[in-house]
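Written below as structure tokens is the structure these notes are about.
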Amino acid sequence: MTRTLPTLAELLTLAAFSGAEVLSGHARLAQPVTWVHVSEVLDAARFLSGGELLLSTGSLLAQASAQGQADFVRSLAEGGAQGLVLELVQGFRDVPVEVLGAARLYGFPLVVFRQEVSFARLTRVAHARILSARGEVREASLSPLLDALAETGRSVDFLQGQLGPLLALPTRPRTVLMGTLDALLQTNFNMAESARRLGVRRQTMYYRIEQLRAMLGDLNDPKRQLGLHLALELTRSEAGEVMREERPHT
């Protein structure tokens, strides 16, 4: 039996979304949500493919003009987003009149949390529900490739080719930079969300990504990103254990 994508109304019933208040767009809560993104940028609409729910602290939105705030909501509504979730802790203490007015004008779902919440937890539970509806299990999707590399004895060479300069580092910088790379890949290089996940400042992320580029080269190419993602998965597998055993201790 094929399950359907969850609606925004269904996601709001999940325990992680407890305390969420719907301020507008009630008539559209029954629309399916295709994905959940964390974004602070004001031009987020250009990244949308349709059906997304956006999570934001409103840090940059709070700095925009009244017209800019209204235009932001309009761009999301016209770009196909299914709603905007604002955490009213950092950027705003209350929803600006312009934001709420635009949301009501377009019948756009605006949801708020009046306390700090974990965006990582919200995205995790929402994505689990979305992927279960699609019949997808992300963690298992790379298994055939990992197994093929291991069975052909190419795991170690592949790891060296993708992550060699990082693997040669002493333990502490290797762990920090590989964790940073993993966070960047998992968030599609969203600097704000990566910094949030790692608990560091955004300036720290810019410093680390320059280190990564200097050691690994171009990080923008999709094929390169896929190779790096697969290599990081391998470091968490038995092949990664072999690499650690073969590498001289530092």
Open item on the list: Regarding segment 152-159, can at least one residue be identified that is among the basic types (Lys, Arg) and in a helix (DSSP H, G or I)?
Closed with: no
Open item on the list: Being at pLDDT 90 or above and within 16 Å of residue 162 (Cβ to Cβ): is that true of residue 235 here?
Closed with: no
TODO: Within segment 86-116, count every residue that is among the hydrophobic types (A, V, I, L, M, F, W, C) and touching a residue at least 60 places away in the same chain (Cβ under 8 Å).
DONE: 8
Open item on the list: What's the number of the only condition in (1) assigned to a strand (DSSP E or B); (2) at pLDDT 95 or above that residue 71 fails to meet?
Closed with: (1)
Open item on the list: I'm checking my understanding of the structure. Among residues of segment 90-113 that are open to solvent by 90 Å² or more (accessible area, probe 1.4 Å) and at pLDDT below 95, which one is nearest to the chain's Cα centre (by Cα)?
Closed with: 90
Open item on the list: Cβ contacts < 8 Å: first residue within 18 Å of residue 117 (Cβ to Cβ), restricted to segment 32-51; second residue open to solvent by less than 50 Å² (accessible area, probe 1.4 Å) and aromatic (Phe, Trp, Tyr), any location; separation 6+ or different chain. Result?
Closed with: 38/119
TODO: Specify which of the listed residues (84, 60, 48) is modelled with pLDDT of 95 or more, within 22 Å of the chain's Cα centre (by Cα) and closer than 22 Å to residue 120 by Cβ.
DONE: 84
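The values are calculated or read from the model by the stated rules, or taken from the named source; none is laboratory data. Just so we're clear, the structure is a prediction, and the values are computed from it rather than from any experiment. A quick note on method: Cβ atoms are made from the backbone with ideal geometry, for glycine too, and the neighbour counts reach across all protein chains shown. To get the accessible areas, we keep the full protein, side chains included, count just its heavy atoms, and leave off ligands, DNA and RNA. Shrake-Rupley method; radii C 1.70, N 1.55, O 1.52, S 1.80 Å.
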